[in-house]
Structure formats: C-alpha cells, structure tokens
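All remarks here apply to the structure that follows.
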Amino acid sequence: MKYTVIVAVYNRVDEVQELLRSAEKLDFDRKNFEILFVDDGSKDGFEAYIKSYKSETGLQIRAIYQENKGPGEARNNGMKNALGEYFIYVDSDCTFPPHWLKEIDKEVVANNYDAFGGPDTFHPSFSPLLKAINYSMTSLIGTGGTRGNKKSVGKFYPRSFNMGVHRKIFENIGGMNKLRHGQDMDFSQRIYDAGYKVGLVADAFVYHKRRTSISKFYRQIFNWGVARINLAQQHPAMLKPVHLLPAAIVIGLIALCVFTLLVPVTAPFLWTLTGIGFALIVIWAFLESLFKYKSLAAALLSPVTLNIQVFAYGFGLIKALWQTKVLGKQEARGFVKGYYGKKKK
C-alpha cells in the first residue's frame, strides 16, 4: 500500500461524515491507499459510527483508539499503525476534491519528494464567514501566502491539515513533539534540518472549514501566536521580523493611545495617519475578497476576520514572550480549555 491518510479526531463525528462523503469520490485506486482514523477519546459516538460505516466504493477504512492526548500524539499513534509507504495527515474538518490524491501521487513520482504538502481553500458552499476566514488565512496580506501559495513570502512548511511524509522520515527522526500547538511546524523544520526533499503540491488542495465562529477563530489564532514563540525556543530561525509585525501593531496602537493622553496636541495628526493606513487595508481586503468570492457578505466580513487575525496573533505573541522571556517558562501556553480536549490540571 502506498498511502495512509491519517485523520486525528476528537468529538467531530459530523465532520468525519462529510470527509468520508468526499473520500468516496476520490479518483484513485482503492488498493493503493487507506484512511486511518485515530480517535483521541471521543464521546460523541464516533466509534459506533465508524464501525457501522459501509463504503460505497471500496474504501479501506480503519480506526484506532486512545485516551485524550491531543492531535500530535494521535498522529504519532497513526504513524505507528499505518500500512502505507507514505503518511498523509488531514484534519477532520477537511474534505477532498476528487483529484486530490491523484495529484499528490503524480508530483511525488515526478519529483521524488520525501515530504510534501498542499494548500487549503474554500468550497463554494461555505458560509460567508468561512469564506472570510479563508481569505484572511490564505491571502498575501493575511499570511503572506505561507500556507501553500507559490508566491509565498517565506519558506513553505507543510501543515498537518494537508501534509505527507515518507515512512523513513518517521523511522529516522521520529514523529511530532509534545508542543500543544505548532507540532506540525516543528516537524517540518526537523524534516528540512535532516536534509529531506520537501515540495509544495499546489494543485492538491483540500477544502478546509477551520473555525466556525469568530470566538473560536480568535482562540485558534491567539494560540498560533503563542506557538510561534514556542517554536522559536527550539528553532530560532523560525522567528523572523515579519512574525513580530502583529505584536508591533498592537504595541504601537497602545503606545499611540498613551501618547495621545500625554501629548494631545499632536494626536489628531497621528490618528489621521493611522486611520488612512487602516482604511487602505480595509478597502484592499474588501475588494480582493469581493473579486475572489463574488459575495458581498464575505467581502464585508473579510476585513473583520483579517483584523481579528492580526490582533489575536499579536496578543498571543506578547503573552508568549512575557511567559518565556520574563517569567522564564520553557513553554508558553495559550487557550487550553475546550480547545482540543480535556483541560490540563
């Protein structure tokens, strides 16, 4: 068997149903891949559902079970039990276009990749909010195209929503570490450091629902800001000036508010410049989103999600820097309760 698609799940049986509906339409020989679910202690009936599931197209589906330990440990457990030559990680809130695995196989064969990844994008059926979140997460103005864009401002790091590695990588350097957030980025960096060939398969995208509310999106991005500092603790090269920009924006606005109280005479001029810059970014995001999605609702929401992304990431960075540099903690922590599973004691 060539590929094992590993899906870590925790109380996401509704997402698993959608994922499997799309998997039934994959245009790829059923003998050459399996789907391995790793249940991380779900309480929503996942085990009963998967045991009763009957594939319409001969999908090879397996499931293994563990106590709640988080997605990193679940993926490691999946690799230990996988039958494939390559392991492909996919998040449970993703679905596949029919060509997804065929495109991966074509590029892996042509380029002899040891590790690879593809982009995540939106499905036309997504709500305006999900499309707006997709905009802020994938646009050049939002993330610099680092999630699978050929025009990325930085190195491409495969992410666990759509990431594959050869079995030999797991056998040689081990699996994902115990970081609560950012395990996949650490894994990608270690793969690069070990000298393996890593590639972007730009046409092997998945449809990614991500967070389905503003509050969940904020918590996720905040934790990514925290994760960036934790990653830099282990890989200093992974923290670049561009990653600190959101924190600089947050600190700059706070400083401007303080300056306004202390020197009110010059405040109108500074606030005018700030307002012009903010307005230009809002207009840019609105127009770019409107052109992409052809949806007024999504275009109106995109500047909102973009700003939430910047400020959440900035606050996460600041909190993590405080915890690690001032309080001396080895690992910073963001939101924990209800994020992946049980609250840590």
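Summary of values
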| item | result |
| --- | --- |
| Looking only at segment 233-246, and only at residues there that are assigned to a helix (DSSP H, G or I) and farther than 16 Å from ILE141 by Cα, the one that is nearest to the chain's Cα centre (by Cα) | MET238 |
| Scope segment 289-309; condition part of a helix (DSSP H, G or I) and surrounded by fewer than 19 Cβ atoms within 10 Å (Cβ to Cβ); matching residues | LEU290, PHE291, LYS292, LEU296, ALA297, LEU300, VAL304, ASN307 |
| Search result, residues across segment 260-270 that are in a helix (DSSP H, G or I), surrounded by fewer than 14 Cβ atoms within 10 Å (Cβ to Cβ) and hydrophobic (A, V, I, L, M, F, W, C) | LEU261, LEU262, PHE269, LEU270 |
| Some residue of segment 93-110 being more than 21 Å from LEU26 (Cα to Cα), over 17 Å from the mean Cα position of the chain (by Cα) and crowded, with 19+ Cβ neighbours inside 10 Å | no |
| Options ALA227, ALA204; residue that is small (Gly, Ala, Ser), assigned by TED's automatic domain parsing to the domain that holds GLY84 and either modelled with pLDDT under 95 or in a loop (DSSP other than H, G, I, E, B) (or both) | ALA204 |
| Lone unmet requirement of (1) farther than 29 Å from GLY225 by Cβ; (2) within 23 Å of the chain's Cα centre (by Cα); (3) not polar (S, T, N, Q) for ALA74 | (1) |
| Residue count, segment 148-168 (criterion: closer than 21 Å to ARG75 by Cβ and at pLDDT below 60) | 1 |
| Index of the failed condition, ASP105 passing every other in (1) in contact with a strand residue (DSSP E or B) (Cβ under 9 Å, 6 or more places away or on another chain); (2) over 13 Å from ALA202 (Cα atoms) | (2) |
| Qualifying residue in segment 60-75 (condition: surrounded by fewer than 21 Cβ atoms within 10 Å (Cβ to Cβ), in the same structural domain as PHE170 (by TED's automatic domain parsing), over 25 Å from THR212 (Cβ atoms) and in contact (Cβ under 8 Å) with a residue 60 or more places away in the chain) | no |
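The values are calculated or read from the model by the stated rules, or taken from the named source; none is laboratory data. Just so it is clear, the model here is predicted, and its values are computed rather than measured. Because the Cβ atoms are built from the backbone with ideal geometry, glycine has one as well, and the counts that use them run over all protein chains shown.
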